[in-house]
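Below: the structure, in structure tokens.
The values are calculated or read from the model by the stated rules, or taken from the named source; none is laboratory data. Only a predicted model underlies this, so the values are computations on that prediction, with no experimental measurement involved. Note: ideal-geometry Cβ built from the backbone for every residue, glycine included; neighbour counts use all protein chains shown.
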Amino acid sequence: MEIVGIVIGVLVVLLVIFLWATYNGLVTLRNRVEEAWSDITVQLKRRLDLIPNLVESVKGYAKHESDVFTKVTEARANALNAQGVKETAEAENMFEGALKSLFAVAEAYPQLRASENFQQLQAELVDTEDKIQASRRFYNGGVRDLNTKIELFPNNIFAGMFGFKKKDFFELDEAEQEKADKPVDVKF
């Protein structure tokens with residue numbers, strides 16, 4: 001009887017240690033994902049803050065392109081108001097499309113491209129795009145790790161009991177994904 005009690009005691013201790021390690025591992029991964037999402041939102045906000053200055057620079061040279069400016073402004077507002085990963089990804093895809101239109105307008109004005117202010121904005125935008133891409137990779141890596149841990153047996157049993165849920169990846173549409181696989185190249 002004494003050996004059975006010891007074996008049961010050891011099994012209970014091992015189960016407690018396993019639950020403790022599983023819970024702490026899941027909390028750690030969840031916090032990394034939340035930190036990574038915070039990094040993405042900081043960089044997206046930084047890019048969105050650059051856009052009014054960029055639009056104003058282009059407006060000075062291309063006053064008749066009001067439709068493009070309106071689309072960029074609306075897309076920026078949608079991106080600022082987006083909540084959650086999926087909605088933010090959709091808003092960002094729309095915003096990037098509107099931004100491309102603005103870049104196309106800017107290409108038609110050589111004096112604008114030569115402007116020191118515009119070149120500085122361009123450099124900041126390229127830097128921000130690189131940071132967004134790096135933040136997106138870091139976030140998606142964290143989501144992959146968390147989702148894998150949540151799905152693996154026996155973690156999946158305890159993850160559900162502890163209330164851990166899978167997170168969404170921050171994905172681009174297919175055309176944007178192909179572009180993301182290449183170095184950021186903003187030309188004016």
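Structure above, values below:
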read-out: Any helices (runs of 4 or more DSSP H) falling wholly within segment 50-152 and containing at least 2 residues that are crowded, with 18+ Cβ neighbours inside 10 Å; value: 66-81, 84-107, 116-151
read-out: Residue identified as closer than 20 Å to N117 by Cα and at pLDDT 85 or above among D39, D49; value: D49
read-out: Top-ranked residue in segment 1-48 [being in contact with a helix residue (DSSP H, G or I) (Cβ under 9 Å, 6 or more places away or on another chain) and acidic (D, E); ranked as surrounded by the most Cβ atoms within 10 Å (Cβ to Cβ)]; value: D39
read-out: Filter result for E171 (under 18 Å from the mean Cα position of the chain (by Cα) and within 17 Å of L54 (Cβ to Cβ)); value: no
